[in-house]
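Below is one structure, written out as structure tokens; comments come after it.
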Amino acid sequence: MPQRKRVIRFKSEAIQGSDSWVEVSRLTVGEARRADKIKDDPDTDSFAEVVELYQTHVINWNWVDDDGSGLPLPKDDPGVVDGLTADEFGFLGDCLAGSEEDQKK
């Protein structure tokens with residue numbers, strides 16, 4: 001019987017070191033369309049919208065801060081996003097929207 005594969009685990013060794021990973025649930029087409037639409041809307045805080053997507057779609061990770069302490073998940077502490085590097089932030093966006101093949105490169 002078919003089963004939808006919406007939660008995907010990505011290796012994040014390039015940005016978080018050996019054995020690091022993140023699990024995300026993929027955006028629906030409707031969510032992706034909304035995200036694309038608001039990025040050009042001057043009346044919308046697109047960063048806040050992205051943080052909201054991360055809260056909803058980052059399911060689990062084993063990421064750490066500069067001291068090696070585990071980072072809370074965005075759903076538990078939305079402020080954690082402010083402490084991510086640009087590479088980490090971008091990686092999460094790529095995971096939400098990209099293909100598994102994209103993350104293997």
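Which percent, nearest 5, of DSSP beta bridges in the chain are antiparallel? Antiparallel: roughly 100 percent of the beta bridges in the chain.
Charging the Cβ of each Asp and Glu at -1 and of each Lys and Arg at +1, and nothing else, the dipole of the chain about its Cα centre rounds to 800 debye. For L71, the residues 5 or more places off, or on other chains, whose built amide H falls under 5 Å of its own are W63, V64, D65. When only Cα pairs below 8 angstrom with a gap of at least 6 residues are kept, the chain shows a relative contact order of 27 percent. Taking each DSSP H run with n ≥ 4 as -39500 (n - 2.57) and averaging over every residue of the chain yields -11500 deg cm²/dmol at 222 nm. Once the Cα-Cα distance is subtracted from the 0.36 nm per residue extended length, the E31 to V64 segment shows a gain of 9.1 nm.
Values quoted throughout were computed directly from the atomic coordinates according to the rules given, and no laboratory measurement underlies them. If you're wondering where the values come from, they're calculated on a predicted model, not measured in any experiment. No Cβ is skipped: glycine too gets one built from the backbone with ideal geometry, and neighbour counts run over all protein chains shown.
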